[in-house]
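Engineer: Structure provided below as structure tokens; questions to follow.
The values are calculated or read from the model by the stated rules, or taken from the named source; none is laboratory data. All of these numbers come straight from a predicted model, not from anything done at the bench. A quick note on method: Cβ atoms are made from the backbone with ideal geometry, for glycine too, and the neighbour counts reach across all protein chains shown.
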Protein chains: 2
Amino acid sequence: MDTEVWRPLLHDNGSKIVFLVMDGLGGLPREGDGSTELEAARTPNLDSIAPRSALGLFDPVGPGITPGSGPGHFALFGYDPVENTIGRGMLSAMGLGFDVTPRDLTIRCNFATLDREGRVADRRAGRISTEKNRELCTRIARAMKPMPGVEVFLETEAEHRALLVLRGDDLHEDVAETDPGVTGELPVDPTAKSPSSRRSSEALVRLLAQVREILRDEPQANFILLRGYARFRAYPSMRERYGLRSLAVAGYPMYLGISRLLGMDTHRETGGIAAEFDRVAALIKDFDFAFCHVKKTDSTGEDGNFDAKVHVIEEVDAALPKLLAAKPDVLVVAADHSTPSRLRGHSWHPVPVLLYAATARYDRLARYTERQAAAGSLGRGPLKNVMLLAVAHAGRLKKFGA
Amino acid sequence: MDTEVWRPLLHDNGSKIVFLVMDGLGGLPREGDGSTELEAARTPNLDSIAPRSALGLFDPVGPGITPGSGPGHFALFGYDPVENTIGRGMLSAMGLGFDVTPRDLTIRCNFATLDREGRVADRRAGRISTEKNRELCTRIARAMKPMPGVEVFLETEAEHRALLVLRGDDLHEDVAETDPGVTGELPVDPTAKSPSSRRSSEALVRLLAQVREILRDEPQANFILLRGYARFRAYPSMRERYGLRSLAVAGYPMYLGISRLLGMDTHRETGGIAAEFDRVAALIKDFDFAFCHVKKTDSTGEDGNFDAKVHVIEEVDAALPKLLAAKPDVLVVAADHSTPSRLRGHSWHPVPVLLYAATARYDRLARYTERQAAAGSLGRGPLKNVMLLAVAHAGRLKKFGA
């Protein structure tokens, strides 16, 4: 629905909306009984609210499209995930909790091995250790002499992966990625692909020449490859878009980083699921909207560990009363995408969504599972619709038209 | 679906389509057994056709959007409800059965009380009686001297509400609304917000000065406030759009007025539901399409009277054989929006639609209810799609493409 249609209808009635997001929740049937992770889990608390909820199945980006974490979360918050892209460099910055400013160009950076002819021999530098990565980043940072007017930050992620950030005026992202994508080729030059990116290109050419010198005696990590250029981009905040003072609670920096891009107040809570829920309940009084992120449904799915994923779902369920203590007028239980343990990765399968509110036309379905959600009255649609549905169920939208 | 795709496919096979629209039909579960109004109603006649029908749940404007009566009906007739807006003044004119011409600017007008400083003391003039309103409208009409070339009509609605219509050339709607929206402020001047509206503005400034004089000694209703300016707008007729000679039967002028805007032949029938159905059956032979409007499902919902709404549904059901006597090739039972008695007003919840036709791939669902419709094969989609589905089921659309 066009923003121009509903934005004039917003009004603040003091109601509260909570989104419980289990990352990668959607699953696939296992061998044997054909249960998905959600179906196999014992979830008495979810089972007690499911019959009084409206359910549906939602596509984070579109039918058949497997979303990354960025698009999945943009869709959850009602931002079109195709229009509101987030580059890989920016996602790395979010993951590190790097405080991005509007003058920043963020870049995903891999340590790599060049052979004697300067061709890429290993695009991951033999997956050097994270400690080695840190040592190299420090060495580069000390020795490099960036172009005047440009600040450079190099931050270790893990193994061969790092984040490079250029900060300055007129830095644009339309620069050639230097990773050739295959071994046996020379790194690509970071040439400007449009006139506006000339300055970024110059800064990177200069930097790469220095890095080549600084790392010349390294046996493995003797160069860096650049991709995923992403300039800072301003998104309308949740406050601007929906009039919602918004809170995000998560254990992982990346989700807090995305939330911060949308103007949410972010709180890192590493004490586990129950602690996150307690945190939401403790903080909600100053907010209209709270996003609470559970990571381990995704990571267990990525590990291909069906039973571990089931266990995480059961842990969420056991802690649910703590989240309900926040007394949301609308509780949405959802996911940013599916990560079936059978596929060991993100997938395109739609995600089940549960909407629990006094204003819900509840479906009387027994459980919150993918198959039950397929019969729910929210139907099958784009995930980005769910946010507005939540706002409506919270009584925050007036009538359209006379 | 784009009009250009299907319009060339239309052909007239003499079939007949009937839309039975129960205004505000969609409901919410009541306390206790969790039944909606439709579920609680005894509907043996609807129950007899439901299993041989295709069902679905439809959003009049979009998920989460609560429609007014205008958008709800435009969507029912397959007109995009966001593109085909209708202003409040025009809706008032429709409600009064005022015969709007293409030279008209319609305005929603409230009698109000100004204090001695000319500030708005009561935006509704103490809700004066409808008789008082009539008396004042007559007095103003007799005493006013409109700008040359502009005719002015002032028609009582009810209590403090009236309809003001300017008729003339070059009258546009882009004029400032004079109702400040709060008390203690001066009325806003009806200034032109664009050059095209200068003439409307001049006519209104002159008129308001006269009204102030005419009403100066009134204790309560000593001024009028203007809003909801709506110029006549031409919509393609049902005949032009679908090739359907169309009939509307309703008890309330507003729905006939909207129908007239779409070129339907309108018949007011105030004898109740059965009389409306008889009227459709009697007139259908000269038409291809009939719209039959039941108001009381909405008004009982607005009253918050669950049982009364159930009773209206049962009354419709009992009379249904009279409508089936019209022998429609396609019968659609639908609503323009939900008005759950629990919410005492329009809501965003999708409306159940039943399509009964020999060509329907029927769902074998037991009843026409919101929850059963959620499982229907028409799925969940925009309400504006239903009209074309009806046209297709009536055999009025040829094949697309070779």
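Engineer: Can you pull out every residue in the range A:340-368 that is over 16 Å from A:M22 (Cα atoms) and aliphatic (A, V, I, L, M)?
Structural biologist: Within the range A:340-368, A:L343, A:A357, A:A358, A:A360, A:L365, A:A366 meet the criteria.
Engineer: Give me the residue from the range B:39-51 that is more than 14 Å from B:L320 (Cβ to Cβ) and of a type outside the set (D, E, K, R) and, out of that set, farthest from the other protein chains (Cβ to nearest Cβ).
Structural biologist: First, the residues of the range B:39-51 that are more than 14 Å from B:L320 (Cβ to Cβ): B:39-40, B:51.
After this cut, where a residue has to be of a type outside the set (D, E, K, R) as well, the list is B:40, B:51.
Numbers: B:A40: 14, B:P51: 18 Å.
Among residues in the range B:39-51 that are more than 14 Å from B:L320 (Cβ to Cβ) and of a type outside the set (D, E, K, R), the one farthest from the other protein chains (Cβ to nearest Cβ) is B:P51.
Engineer: Taking the range B:1-45 as the region of interest, how many residues are under 25 Å from B:F277 (Cβ atoms), within 24 Å of the chain's Cα centre (by Cα) and not β-branched (V, I, T)?
Structural biologist: 11
Engineer: Would you check if B:R7 is among the charged types (D, E, K, R), surrounded by fewer than 24 Cβ atoms within 10 Å (Cβ to Cβ) and outside any loop (DSSP other than H, G, I, E, B)?
Structural biologist: Working: among the charged types (D, E, K, R): yes; surrounded by fewer than 24 Cβ atoms within 10 Å (Cβ to Cβ): yes; outside any loop (DSSP other than H, G, I, E, B): yes.
Answer is yes for this residue.
Engineer: Within the range A:327-370, track down each residue that is among the basic types (K, R), more than 22 Å from the chain's Cα centre (by Cα) and surrounded by fewer than 21 Cβ atoms within 10 Å (Cβ to Cβ). Write out each step before concluding.
Structural biologist: Taking the range A:327-370 as the starting set, the residues that turn out to be among the basic types (K, R) are A:327, A:342, A:344, A:361, A:364, A:367.
From what's left, more than 22 Å from the chain's Cα centre (by Cα): A:327, A:361, A:364, A:367.
A:K327, A:R364, A:R367 - these are the residues of the range A:327-370 that are among the basic types (K, R), more than 22 Å from the chain's Cα centre (by Cα) and surrounded by fewer than 21 Cβ atoms within 10 Å (Cβ to Cβ).
Engineer: Another question, then. Can you tell me which residue within the range B:72-86, out of those that are without any contact (Cβ under 8 Å) to a residue 40 or more places away in the chain and not hydroxyl-bearing (S, T, Y), is surrounded by the fewest Cβ atoms within 10 Å (Cβ to Cβ)?
Structural biologist: Step by step, filter the range B:72-86, then rank; the result is B:E83.
Engineer: OK, next. Across the range B:243-262, what is the number of residues that are touching a strand residue (DSSP E or B) at 6+ places or on another chain (Cβ under 6 Å) and under 15 Å from B:V21 (Cβ atoms)?
Structural biologist: Residues meeting the conditions: 8.
Engineer: How do the strands (runs of 3 or more DSSP E) wholly within the range A:70-186 filter down when requiring 2 or more residues that are at pLDDT 95 or above and among the β-branched types (V, I, T): which remain? Before the answer, list the steps.
Structural biologist: On the way: elements: A:104-114, A:120-122, A:151-156, A:161-167.
Those strands (runs of 3 or more DSSP E) span A:104-114, A:151-156.
Engineer: Please specify each residue of the range A:261-289 satisfying the condition of being under 23 Å from A:Y235 (Cβ atoms) and among the charged types (D, E, K, R).
Structural biologist: Those that are under 23 Å from A:Y235 (Cβ atoms) and among the charged types (D, E, K, R): A:D265, A:R268, A:D286, A:D288.
Engineer: Select, from B:R239, B:R233, B:R268, the only residue that is within 14 Å of chain A (Cβ to nearest Cβ) and out of contact with any His (no Cβ under 9 Å at 6 or more places or on another chain). Lay out the reasoning, then the answer.
Structural biologist: Numbers: B:R239 fails: within 14 Å of chain A (Cβ to nearest Cβ); B:R268 fails: within 14 Å of chain A (Cβ to nearest Cβ).
Exactly one residue qualifies, and that residue is B:R233.
Engineer: Test A:D265 against the stated conditions and say whether it is among the acidic types (D, E), farther than 25 Å from A:R88 by Cα and surrounded by fewer than 24 Cβ atoms within 10 Å (Cβ to Cβ). Lay out the reasoning, then the answer.
Structural biologist: Numbers: among the acidic types (D, E): yes; farther than 25 Å from A:R88 by Cα: no; surrounded by fewer than 24 Cβ atoms within 10 Å (Cβ to Cβ): yes.
No; evaluated as a whole, the condition is false for this residue.
Engineer: Determine, yes or no, whether B:L20 is buried (at least 24 other Cβ atoms within 10 Å of the Cβ), touching a helix residue (DSSP H, G or I) at 6+ places or on another chain (Cβ under 8 Å) and within 14 Å of chain A (Cβ to nearest Cβ). Steps first, please.
Structural biologist: On the way: buried (at least 24 other Cβ atoms within 10 Å of the Cβ): yes; touching a helix residue (DSSP H, G or I) at 6+ places or on another chain (Cβ under 8 Å): yes; within 14 Å of chain A (Cβ to nearest Cβ): no.
So B:L20 does not fit the description; no.
Engineer: Can you pull out the residues in the range B:87-108 that are buried (at least 24 other Cβ atoms within 10 Å of the Cβ) and within 14 Å of chain A (Cβ to nearest Cβ)? Give the steps one after another, and end with the answer.
Structural biologist: So in the range B:87-108, the residues buried (at least 24 other Cβ atoms within 10 Å of the Cβ) come out as B:89-90, B:92-94, B:105-108.
Scanning the range B:87-108 gives B:G89, B:M90, B:S92, B:A93, B:M94, B:T106, B:I107, B:R108.
Engineer: Exactly one of these conditions fails for B:Q220: (1) more than 21 Å from B:D104 (Cβ to Cβ); (2) outside any loop (DSSP other than H, G, I, E, B). Give me its number.
Structural biologist: Answer for B:Q220: the failing condition is (2).
Engineer: If you go through the range B:235-253 one residue at a time, do you hit one that is outside the structural domain of B:V182 (by TED's automatic domain parsing), of a type in the set (V, I, T) and part of a helix (DSSP H, G or I)?
Structural biologist: Within the range B:235-253, none of the residues are outside the structural domain of B:V182 (by TED's automatic domain parsing), of a type in the set (V, I, T) and part of a helix (DSSP H, G or I).
Engineer: Given the structure, is A:G401 of a type outside the set (A, V, I, L, M) and without any contact (Cβ under 8 Å) to a residue 12 or more places away in the chain?
Structural biologist: Values: of a type outside the set (A, V, I, L, M): yes; without any contact (Cβ under 8 Å) to a residue 12 or more places away in the chain: yes.
The answer is yes for A:G401.
Engineer: Give me a count of the residues in the range B:52-62 that are facing chain A (nearest Cβ under 7 Å) and either among the small types (G, A, S) or within 13 Å of B:G379 (Cβ to Cβ) (or both).
Structural biologist: Filtering the range B:52-62 down to residues facing chain A (nearest Cβ under 7 Å) leaves B:57, B:61-62.
Those left that are additionally either among the small types (G, A, S) or within 13 Å of B:G379 (Cβ to Cβ) (or both): B:57, B:62.
Residues meeting the conditions: 2.
Engineer: Sticking with this one: Please go through the range A:200-241 and give me each residue that is surrounded by fewer than 21 Cβ atoms within 10 Å (Cβ to Cβ), touching a strand residue (DSSP E or B) at 6+ places or on another chain (Cβ under 9 Å) and hydroxyl-bearing (S, T, Y), ordered by number.
Structural biologist: A:S201, A:S237
Engineer: Continuing with the same structure: From the set of residues in the range B:168-184 that are in contact with a strand residue (DSSP E or B) (Cβ under 6 Å, 6 or more places away or on another chain) and without any contact (Cβ under 8 Å) to a residue 60 or more places away in the chain, which is surrounded by the most Cβ atoms within 10 Å (Cβ to Cβ)?
Structural biologist: B:V175
Engineer: Being more than 8 Å from every other protein chain (Cβ to nearest Cβ) and either buried (at least 22 other Cβ atoms within 10 Å of the Cβ) or hydroxyl-bearing (S, T, Y) (or both) is the filter here; which residues of the range A:371-389 pass it? First the steps, then the outcome.
Structural biologist: From the range A:371-389, those more than 8 Å from every other protein chain (Cβ to nearest Cβ) are A:371-374, A:382-384, A:386-387; that's our starting set.
Matches in the range A:371-389: A:A373, A:L383, A:K384, A:V386, A:M387.
Engineer: Evaluate the range A:22-35: report whether one residue or more is assigned to a helix (DSSP H, G or I) and of a type in the set (D, E). Show your work before the answer.
Structural biologist: Applying the first criterion (assigned to a helix (DSSP H, G or I)) to the range A:22-35 yields none.
Looking through the range A:22-35, none of the residues is assigned to a helix (DSSP H, G or I) and of a type in the set (D, E).
Engineer: What do you reckon, is A:R227 in a loop (DSSP other than H, G, I, E, B), within 26 Å of A:T191 (Cβ to Cβ) and under 22 Å from the mean Cα position of the chain (by Cα)?
Structural biologist: Taking the combined requirement at face value, the residue does not satisfy it.
Engineer: Taking the options A:S129, A:S48, name whichever one is over 17 Å from the mean Cα position of the chain (by Cα), within 19 Å of A:L164 (Cα to Cα) and free of Cβ contacts under 8 Å to residues at least 60 places away in the same chain. Don't jump to the end; show me each part of the working.
Structural biologist: On the way: A:S48 fails: within 19 Å of A:L164 (Cα to Cα).
Of A:S129, A:S48, the one residue that is over 17 Å from the mean Cα position of the chain (by Cα), within 19 Å of A:L164 (Cα to Cα) and free of Cβ contacts under 8 Å to residues at least 60 places away in the same chain is A:S129.
Engineer: Out of all the residues in the range A:115-152, which are within 18 Å of A:L208 (Cβ to Cβ) and of a type in the set (A, V, I, L, M)?
Structural biologist: A:V120, A:A121, A:A125, A:L136, A:I140, A:A141, A:A143, A:M144, A:M147, A:V150, A:V152
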